[in-house]
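Contents: one structure, followed by commentary.
The values are calculated or read from the model by the stated rules, or taken from the named source; none is laboratory data. Since we're looking at a predicted model, the values are computed, not measured. Using ideal geometry, Cβ is built from the backbone for each residue, glycine included, and neighbour counts are taken over all protein chains shown. SASA here: full protein model, heavy atoms, side chains in, ligands and nucleic acids out. Shrake-Rupley method; radii C 1.70, N 1.55, O 1.52, S 1.80 Å.
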Amino acid sequence: MGALRLPSLTSIFAVSSARSSLFHRRSNQLHLRKLTSATRVTAKSTTPATTEAAPAESTTQKLPVQEQGITPRSQDFNAWYLDVIAMAELADYGPVRGTMVIRPYGYAIWEAIQDYLNVKFKETGHSNMYFPQFIPYSFIEKEASHVEGFSPELALVTVGGGKELEEKLVVRPTSETIVNHMFTQWIHSHRDLPLMINQWANVTRWEMRTKPFIRTLEFLWQEGHTAHATPEEAEKEAMQMIDVYTKFAYEEAAIPVIPGRKSRVETFAGANRTYTIEAMMGDRKALQAGTSHNLGQNFSRAFSTQFTDENGQRQHVWQTSWAISTRFVGGIIMTHGDDAGLMLPPRLASVQVVIVPIWKKANEKNEVLDAALSIKDILHSAGIKVKLDDSDQRTPGWKFNFWEMKGVPLRIEIGPRDVSSRSVVVSRRDIPGKPGKVFGISMEPSVLVPYVKEKLDEIQLSLLNKAISFRDSNIVDVTSYDELKEAISQGKWARGPWVGSDEDELKIKEETGATIRCFPFEQPQGPKMCLMTGSPAEEVAIFAKSY
């Protein structure tokens with residue numbers, strides 16, 4: 001095929017003027033918007049605000065945080081999403097179009113995802129390693145459907161050390177090709193199988209339309225790669241890993257994903273089958289939150305990755321690959337967040353409990369802070385992730401709203417009266433206002449620790465149940481194309497019998513904007529007729545608009 005060229009270095013390393021102007025408009029809107037009671041993020045401060053809750057980068061002077069507001073979700077979901085990312089200090093825009101800087105609070109969520117998945121990967125027999133970021137372009141060309149699928153997104157390096165390179169290098173879009181190159185050198189006998197590895201890495205895909213966490217030019221992910229002696233082992237592996245992702249989504253992220261198989265049109269370039277977990281966001285769009293691919297022998301044949309079997313015959317290996325990325329962080333924001341901001345599931349929150357001490361008189365300060373510090377030590381010793389906000393530049397009301405906006409699951413309030421009664425006030429992030437506030441919880445470790453742990457578990461389950469209810473109420477069972485179009489026009493997911501052709505599927509995408517998200521693993525019983533062709537169908541598919 002013809003050589004691919006990147007934009008000039010000037011355009012690569014300069015901020016796109018259109019994207020930049022859009023970003024500054026968002027920043028200016030944040031500065032100029034006055035808070036309403038419904039969208040108020042911070043309370044009145046006793047001193048001028050610092051950069052503690054700074055919005056996204058802007059060349060204009062930033063107003064104090066208490067004068068900014070978060071766009072209501074129901075008013076403009078995309079603006080709300082960008083506001084939350086900026087004001088909760090999750091990420092910021094990088095200087096190159098389509099890139100982002102993940103800030104510590106946002107990266108902590110990714111670290112929590114890594115911590116869980118690393119354990120699961122090792123429990124299932126995988127080892128971590130690392131492959132180079134630069135891949136010879138000839139590797140990409142070896143698997144025809146792979147190069148066809150990825151060509152529009154490739155970033156190429158043509159100059160190195162001031163000289164034209166003999167061969168163009170691809171900046172890693174995914175690693176199947178370079179993995180196979182190395183597997184060919186490591187695998188010789190059936191005794192070398194299965195070979196199961198994982199890497200945590202960055203990936204570059206030249207996306208034209210970007211959205212922080214959801215779709216960026218560069219993102220972080222893990223990608224697993226395995227080689228097996230039989231097709232049955234490869235299929236078992238691919239299914240095992242989508243099950244790992246499903247359990248993570250439900251148990252840790254409180255996101256009720258729907259696992260299933262992708263259609264031929266949506267299958268990964270170079271795979272025989274792609275399995276996916278599909279999540280419904282707060283605007284009812286679908287998010288592909290993780291995938292697992294049965295690659296068959298497509299890459300092993302392209303790279304001659306072979307082994308000698310027990311009968312002395314040379315065979316090509318059977319392979320899988322599977323991945324989850326920082327896109328999942330965006331999924332957590334869009335699944336659980338509300339008008340007040342972020343809402344984090346306790347198991348992924350870097351701060352599970354924030355303690356806010358309250359005093360009015362100078363002589364009350366020391367005893368309140370001493371009690372607050374004691375509570376912090378008690379909870380920390382019990383393995384709870386706790387933060388004491390003892391700064392005196394902000395009012396307690398400001399702190400309440402700030403930590404709510406940051407999505408901290410539980411808040412503990414303690415003032416002079418609480419110190420006297422040896423008790424605290426506990427507020428839940430998922431239940432706004434007085435209904436979520438409980439007074440008179442004893443400071444005694446034997447009471448406070450189990451109470452806090454119980455409430456964190458309740459919040460985790462509450463978020464999951466709320467998301468399940470929202471998902472199920474927005475899936476419509478359809479039996480005809482007209483019913484499908486009606487459901488999609490209402491912003492819902494459509495579930496119906498399907499045996500249509502690839503052309504039929506593309507027609508639906510063109511006419512409605514919806515795609516087949518998956519054929520769910522859980523299928524209804526009984527006879528079915530395809531919603532498009534009227535022919536007998538064995539499966540139902542889920543259609544939705546997506547990110």
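Mind listing just one residue for me: the one in segment 500-547 that is closer than 15 Å to D477 by Cβ and among the polar types (S, T, N, Q) and, of those, least open to solvent (accessible area, probe 1.4 Å)? Filtering first and then ranking leaves Q523.
Residues that are within 27 Å of E111 (Cβ to Cβ) and of a type in the set (V, I, T) within segment 229-258 comprise I242, V244, T246, I255, V257, I258, listed in sequence order.
Out of V119, V147, one residue alone is at pLDDT below 95 and not small (G, A, S). It is V147. Restricted to segment 361-393, and to residues there that are open to solvent by 80 Å² or more (accessible area, probe 1.4 Å) and small (G, A, S), the residue that is modelled with the highest pLDDT is S381.
Checked against (1) open to solvent by less than 10 Å² (accessible area, probe 1.4 Å); (2) in contact with a helix residue (DSSP H, G or I) (Cβ under 8 Å, 6 or more places away or on another chain); (3) closer than 21 Å to S462 by Cβ, G331 passes all but a single condition, namely (2). Selection of strands (runs of 3 or more DSSP E) fully inside segment 264-326 by the criterion of at least 1 residues being polar (S, T, N, Q) and surrounded by 24 or more Cβ atoms within 10 Å (Cβ to Cβ) returns 273-280, 286-296, 318-325. Go through segment 272-296 and report how many residues are farther than 29 Å from F77 by Cα and free of Cβ contacts under 8 Å to residues at least 40 places away in the same chain. Counting residues in segment 272-296 that are farther than 29 Å from F77 by Cα and free of Cβ contacts under 8 Å to residues at least 40 places away in the same chain gives 3. Would you be able to say whether some residue in segment 146-159 is open to solvent by 30 Å² or more (accessible area, probe 1.4 Å), in contact with a Leu (Cβ under 7 Å, 6 or more places away or on another chain), among the polar types (S, T, N, Q) and assigned to a strand (DSSP E or B)? Taking every residue of segment 146-159 in turn, at least one turns out to be open to solvent by 30 Å² or more (accessible area, probe 1.4 Å), in contact with a Leu (Cβ under 7 Å, 6 or more places away or on another chain), among the polar types (S, T, N, Q) and assigned to a strand (DSSP E or B). Screening T320 against (1) under 30 Å from Q297 (Cβ atoms); (2) under 19 Å from the mean Cα position of the chain (by Cα) leaves a single unmet condition, (2).
So that you can scan it fast, the table gives a plain yes or no per residue for (1) hydroxyl-bearing (S, T, Y); (2) in contact with an Asp or Glu (Cβ under 9 Å, 6 or more places away or on another chain):
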position: N363; (1), (2): no, no
position: L373; (1), (2): no, yes
position: S421; (1), (2): yes, no
position: G436; (1), (2): no, yes
position: I441; (1), (2): no, no
position: P450; (1), (2): no, no
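Entry remark, segment 426-436: residues being under 14 Å from E458 (Cα atoms) and either of a type outside the set (S, T, N, Q) or exposed (fewer than 13 other Cβ atoms within 10 Å of the Cβ) (or both) number 6 in total. Taking segment 217-236 as the range and being open to solvent by less than 10 Å² (accessible area, probe 1.4 Å) and not in a strand (DSSP E or B) as the test, only A234 passes. As a summary of the residue check, V170 satisfies the conditions (1) part of a helix (DSSP H, G or I); (2) open to solvent by less than 40 Å² (accessible area, probe 1.4 Å); (3) hydrophobic (A, V, I, L, M, F, W, C) except for the one numbered (1).
Of all the criteria given as (1) closer than 23 Å to Q523 by Cα; (2) open to solvent by less than 10 Å² (accessible area, probe 1.4 Å), the one not satisfied by P497 is (2). Scanning segment 506-547 for residues that are part of a strand (DSSP E or B) and of a type in the set (K, R) turns up R517, K528.
Residue pairs whose Cβ atoms lie under 6 Å apart, separated by 6 or more positions or on different chains, with the first residue in segment 106-132 and under 24 Å from E89 (Cβ atoms) and the second assigned to a loop (DSSP other than H, G, I, E, B), are G106/L90; A108/S350; W110/T326; Y116/E252.
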